[in-house]
Amino acid sequence: MTPRGIRNNNPLNIRLSKARWQGQVLPSGSGEGVFCQFESMEWGWRAAFYLLTRTYYHTHRLYTIRGIISRWAPPQDHNNTEAYIKNVCKRTGIGPDEPLGIPSQQPARWMMLGAAMAIQENGTDKLDYFAMLRGWELLRE
């Protein structure tokens, strides 16, 4: 079965909230109504990168994988946060407490973070990496 994040064009499994994302569509009624759905994977990646680089980095001042994942997938929400951090660090080659850098100056590090999180969220590395790059570009327009 195709993972939920892939079916919903939502690679990081962003939950529904008051926010209305560009490219977001109304839930299809597939029983996944707590997660956002997007018209294409590019729009899902754009929302993911917005959250990571603007909300988490600029607003919450989270600069490391440990800081970001601890908020994204906290243990109180029944996540194995330490395993998530370890897996993302292994895939990216970035230490858990190593600053990721300014997103506009270190885009590759932020894209690696997004890709590693998507693999963790969806349980597969069969992602459309071109859609990921287009999502990054949509954010920058």
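Just a few scattered comments:
- Only one of the numbered conditions (1) open to solvent by 20 Å² or more (accessible area, probe 1.4 Å); (2) farther than 17 Å from TRP110 by Cα; (3) more than 14 Å from the chain's Cα centre (by Cα) is not met by PRO74, and that is (1).
- Filtered residues of region 110-125 (kept if in contact (Cβ under 8 Å) with a residue 12 or more places away in the chain, open to solvent by 50 Å² or more (accessible area, probe 1.4 Å) and of a type outside the set (S, T, N, Q)): MET112, GLU121, GLY123
- Filter result (at positive phi and loosely packed, with under 11 Cβ neighbours inside 10 Å) within region 77-109: HIS78, GLY93
- Applying the set (1) within 20 Å of LEU138 (Cβ to Cβ); (2) of a type outside the set (Phe, Trp, Tyr); (3) modelled with pLDDT under 95 to ASN79 leaves exactly one unmet item: (1).
- Segments classed as helices (runs of 4 or more DSSP H), wholly inside region 21-105, with at least 3 members that are without any contact (Cβ under 8 Å) to a residue 12 or more places away in the chain: 81-92
The values are calculated or read from the model by the stated rules, or taken from the named source; none is laboratory data. Because the structure is predicted, anything quoted here is derived from the model rather than measured. Positions of Cβ are generated from backbone atoms using ideal geometry, with glycine treated the same way; all protein chains shown enter the neighbour counts. Surface areas here come from the heavy atoms of the whole protein model, side chains and all, with no ligands, DNA or RNA. Shrake-Rupley method; radii C 1.70, N 1.55, O 1.52, S 1.80 Å.
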